[in-house]
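What follows draws every value from the coordinates through simple rules; no lab data is involved. Note that the structure is a prediction, hence the values are computed from the model and not measured. So basically every Cβ, Gly included, is an ideal-geometry build from the backbone, and we count neighbours across all protein chains shown.
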Amino acid sequence: MNLKKINEDLKIALIENGLTEATELQLETFSPIKSGADVVIQGGKNTGKTTAMVINIIHKLKQPFQESPRALILVDDKSKVLEVLELFELYNKRNKLRVFGTHDKTDLDEDKNLISLGVDVLVGTPNKLNQMFSSAGFNVNTLQLTAFDDIDVLLKNRYESIILRLMESIQKGQRIFFCSQITERIELLADNIMKEPIFLEMEE
């Protein structure tokens, strides 16, 4: 895998799963994300956006640590939750981060009980995460990174107010948007919840 100074366990797992060459998007966004900056990334289909997100989170967190989540990923629906969990299943085998997924069909109390056992990465839909964070009293101060997969889809499906509410409670940490098109709405949201965001536009 041709990403500079990538975590060695992650590198081996990527190669074991046939990912030996990074896409242009993965290559061009690795250093900006690794730097800790807030980033808005535009990429079309087959540019490897979701894989880039998963790779960067594994690289950043490295190994299991403490009980509360250190990375939060917001996605649109159950199928996207399962897609992200599947990528972690592939590329996280050696780093062994604890990854948990929640969506509108899962049981809130059961989710909270399982998360309380310790989790590094929490993946979920906006409605369920909002429910969870408002009722469970999570320690959001441990969050190092909040990523939004397909932020354009989340905004199209009217999750903006929930996102703003969530981000008001999460004061610390890096924020990353992945989208297929950087729109004015995305730029406005980035200005609202990010610090000096970097905008990166990748072609198909």
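Remarks
- Shape metrics for segment 7-76, restricted to C-alpha atoms - Rg then Dmax, Å: 12.7, 36
- Percent of alpha-carbon pairs separated by more than 18 Å within segment 1-46: 35 percent
- Take the convex hull of the alpha carbons in segment 37-147; its mean projected area over all directions comes to 7.0 nm².
- Distant-in-sequence amide H partners of Thr146 (H built 1.01 Å from N, under 5 Å): Leu72, Gln174, Arg175, Ile176
- At R0 = 45 Å, FRET efficiency that the Cβ-Cβ distance of Ser169 and Phe199 yields, to 0.05: 0.95
- Among [x] 10.2; [y] 12.0; [z] 15.5, the entry that matches mean projected area of the Cα convex hull in nm² as calculated here: [x]
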